[in-house]
Every structure is written in structure tokens, then in C-alpha cells.
Amino acid sequence: MGRPDPEEGQLPAPVKPPDGGWGWIVLFGCFVITGFSYAFPKAVSVYFKELMKDFHVGYSDTAWISSIMLAMLYGTGPVCSIMVNQFGCRPVMLIGGLLASAGMILASFTTNIIELYLTAGVLTGLGMALNFQPSLIMLGTYFDKRRPLANGLAAAGSPVFLSSLSPLGQVLLEKFGWRGGFLIMGGLLLNCCTCGAVMRPLDMGMKRKMGKAQDKYEAKEMLPIGGKSEEGISTADGTKKAKKAKKKPKKGKKLLDFSIFSNRGFIIYTISKFILVLGLFVPPILLVNYAKDTGVPDTEAAFLLSIIGFIDIFARPACGMVAGLKWVRPHVAYLFSFSMLFNGLTDICSARASNYTGLVIFCVFFGISYGMVGALQFEVLMAIVGSQKFSSAIGLVLLIEAFAVLIGPPSAGRLVDALKNYEVIFYLAGSEVVLSALFLAVASYCCLNRGKKKEPPPENNPSAAGGSDTEEAESDVQEAEEHSSDNHQPAHSTDNAVVAANEEANHVAEEQNGEGGGCPAGDREVLARDSCNADQTVERDSF
């Protein structure tokens, strides 16, 4: 086989996920982004008491700041998908970092609670959303074999930052007040821009290889090859046609790919995730008040959340390592189902806990199961839809989850006010999580496993969903290959005299250069002047 000719569309193949190298820097950036995205809305609650005094509002009014942040994080998923598919991950993340920082800086100058909603809530929430989703897409781009471990390590950013930002916020509040604290927190959010800057598109390596191939081709053209013939002229004409073919406009990419709804696995995952979110966040939200109602002191009640966070830090990477094992990864959806079942049964079994020891045991098991769910949720989605459609899939899933977030915890709070009984709430939340686990396991077994024999095996494409440059390069390859196959036809229309002249010219060139050309002498083929590529051969028998 001869060397590929970049002018005729034979471009280097897309770069595969390196599973390391610069990917570890990308993983660290994703770790930071995940920490800010999930922990920041909770850490802002440290300032609520001061905001209540300054603006003369109630606790529910200030709590809307965190709620708006989370609503923007989940609800703007499709918007993020469209922007990533249109502009790529890195520009979107840089803009998101600036918006998140600007929101908190502007919030430090606000004079009423409505302005806080618009700045700290909407603007900062939108900025974090524009960072969170692209970072997950880039993580799936750089990791394939080690992707479960990478997802687990990135997910550990949430408990780590939660245990760090809350004490930091308290220190800033005591020294600088809530305005100074907001200003400094806005400066910290500029680190999101740094994380976005390190999200180097993986297809840049492919572009470098294309450039090298082009240089080799040009250098080869400058070397003397002997004589010229009509076939050489026809080859040059074919090359010009291939160039013109490349300049033809490509078909527009889908900004949001709704075809993923035809994937039964995606439908099952989405329904299961909606049911899960209805009950997953209820126990940690009500845990502190539940402990206080059972007679636990305030400091010890607050320490329960720290136990969950500490266990969660180690549970997520550990679960990622387990999910990456060869005999586990093909069944990662069932491991995710088991983690949800574990979490739901923990809620149900702990509903009758009436002392501090029982609540501590609940926090330990809840931290393990909660960490497992957090480590596997996006890994399962990547495994279902693949990297090409992940950017659209995660946006639509987050949008659907936004409705569940707005329904679940508020409904649980109203039931507590009406029934004055936390036990029923824990039973209800645990039942919802168990139902989601059973639905995912049963539906996956019945609807997916039985259809595997009938369906063709999925294509293994390691390229990133969010990397628009990679998709364009692949489309260029396909278009160029189609036109290059057409350009080979003139070679077959050459008469016997021209073929004989070409054969003699090639023989002279080989003797002058002292090379055999890498082609056997007894072959029944006549080679084109540039290479021994089988695609550019002319068989004697055809004449």
C-alpha cells in the first residue's frame, strides 16, 4: 500500500481517546467544574441569615437563590447542547466561567432580593450550566477504557467542594460580610475559565497529522519522477476535481439531536432517572430537621451531613473503579440499578431511626449508595447513547430532571407540614428510588437484552459528540473518498500505447532512484505515478 494522498481525500483517521496523557488535566478540570456546579448552590446558604436581615425577607425567599441556581443547571440543558454542537466545548466553557463570576460580582452590589435572583440565581446558574455539561462531554472524549474511573473521580468533586466551600463561606462572612464574600466567591468562579481553557479538543492531533501528510505530499511532488504522460495529466485533473469537491458546502449539523428518543435504552434511562430524582434528594434535605425533632442537638445534627459527604468522597472513585472492571462494565446498567436499590432500601430501613446512633448508621450507608449513584449516572448514559449523541442526550435528560427536582423536594416539604411526620416521607422517598431501580433493571432485561440478537452490533466511534471539528473532518473524508473513486475512472480509459509508455517510464524511474518501489515485478498491474496504492492501479486485462 502506498502512502495516503491528502489531496485525494485519504485523510488520517480520527484520534482515539488516549485514556491518559492530557486527559488527566481534563479530568482535573472536570473535577473542579463538578465541585462548583453541585456544591456552590448549597454553600451559598451560609449567607442566608445575613440576607434576611438586610433585605427583611423570610427564609423561603432567600432559599429561592439556591433553587434558581439548580433550576438553571438542570433546565438549560438543551441550550447547552445546542451551543456545544454549534461552537464546541471550550468556547462555551469560557463564556460560562465569565457569566458565573460576573453573576456573583454583580450580586455583591444588589439592593433587593429580586436583583439577587437575577444575578446570583439566573446569571451564575447559567454560567455553571455552561461549564458543567461541556466538561462531561470532554471527559467522555478523552477516556474510553478508563471512563468509569474517570467519571467516578470527577463526581468526587461534589462532596470535596461542599466540605470546603461551606467553611470558607462562613469565614468570608465573618471577616468581609456577605457582600465581600460574594465578591470573593465570584473571583473563585473565574477558575472555571481556567478549567475551560485546558479542554483542548482531541481532534487537534488529527489536524497536525493532516498537515504532516500534506507536507509529505508536496515534497513528493517536487521530486523528479521521469517522464510525463497523458495519464499523469488525467490524474492532475482528477486531483483538481477532488479539491473542488471538498469546497462543496456540507450538510448542516443538528443542533439538538432528537433521534435519541428512538433509542429504547435512552427512554428507559430517562424514565428511571425522573422517578429517581423525585426521591433521591429528599432525605439529605430533611435529615437535619428530622434529627432535631428526635432530640439531637443542633451541632450533632449538622454533623450528620458531614458524615454523608465524607463517605461520598471515597464511594464515588471506588465505584468508578469497580464499574471499570472487564466483567462488570458490560453490565454497568445493572450496577446502577443495584446502587439505586441500595439507596432506596436505606431510606426505608432508616425511617424508624429514633436515636443518634441509628441516624449515623443511616448516614454511612446513605453516603455509600449516594456516591454509587453519583458515580454511575453519567457513565450509564454514555454507554447507552455513545459519545456522538451524548451532548444532546445529557441536555434533554437534565431538562427532564429539572421538573423532577421542582416536584420532589417541595412536595415532601408540604407533606411534612401537613402530616408532621418524617417517617412517611422517608418511606415515600425510598419507595420512589426502589421503583426506579426495579424499572431500570426489568425494562433493560426485557426490552434490550432480548433484542440484541436481532440488532446489528453498535459502531465503535471514539470521537467526541461535542467536537464539531472532528465530525466535519469525518464528513470531509467521506465526501473526498466518494469523489476520489470517481476520479480513478479516467485511468481505465487509457489505450494500450499510453499504458506501455507509463510502464517504461516507471521502470526507468525505479532504476534511477535505486528503488524497487515496494511493488513485485511480476504483478499484473500498472501503477499510477505517485504510489503503489491499489486504488490507483490499471489492470492490463481490462484493456
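The values are calculated or read from the model by the stated rules, or taken from the named source; none is laboratory data. Computed from a predicted model, the values in this text were never measured in an experiment. In this analysis, Cβ positions are derived from the backbone assuming ideal geometry, glycine residues included, and neighbour counts consider all displayed protein chains. Ligands, DNA and RNA are stripped out before the accessible areas are found, and what is left, the full protein with its side chains, is counted by its heavy atoms. Shrake-Rupley method; radii C 1.70, N 1.55, O 1.52, S 1.80 Å.
Before moving on, here are some points about what is shown:
- Projected label distance in nm at residue 438 and residue 321, using a 7 Å step from Cα toward the beta-carbon: 3.4 nm
- For segment 22-145, carbon and sulfur atoms together expose 72% of the accessible surface, with a 1.4 angstrom probe and every protein chain in place.
- Translational diffusion of segment 383-440, µm² s⁻¹ [Kirkwood Rh, Cα pairs; Stokes-Einstein; 37 °C; 0.692 mPa s]: 242 µm²/s
- For residue 70, net neighbour charge (Lys/Arg +1, Asp/Glu -1) across residues whose Cβ lies under 14 Å away: 0
- Rolling a 1.4 Å probe over the heavy atoms of the protein chains gives segment 17-221 an accessible area of 40 Å² per residue.
- Per residue, the convex hull spanned by the Cα atoms of segment 257-450 measures out at 114 cubic angstrom.
- Alpha-carbon centroid distance for the pair segment 353-427 / segment 31-74, whole angstrom: 19 Å
- Projected label distance in nm at residue 345 and residue 53, using a 7 Å step from Cα toward the beta-carbon: 4.8 nm
- Hull-based mean projected area of segment 316-357, where the convex hull spans the alpha carbons, in square nanometres: 3.8 nm²
- Seen through its C-alpha gyration tensor, with square-root eigenvalues sorted a ≥ b ≥ c, segment 302-383 comes out prolate because a/c lies at 1.5 or above while a/b is bigger than b/c.
- Surface composition of segment 398-444: carbon and sulfur atoms hold 72% of the protein heavy-atom accessible area at a 1.4 Å probe.
- For 389, 49, the ranking by accessible surface with the largest value first comes to 49, 389, using a 1.4 Å probe.
- Gain on full stretching of the segment that runs from residue 292 to residue 400 - 0.36 nm per residue minus C-alpha separation: 35.5 nm
- The slack between residue 418 and residue 314, meaning 0.36 nm per residue of separation minus the straight C-alpha distance, is 33.7 nm.
- Between residue 445 and residue 190, the modelled labels are 5.5 nm apart [label points 7 Å from Cα along Cα→Cβ].
- Based on protein heavy atoms only, segment 257-450 ends up with 43 Å² per residue of surface accessible to a 1.4 Å probe.
- Across segment 17-221, the convex hull enclosing all Cα atoms gives 124 Å³ per residue.
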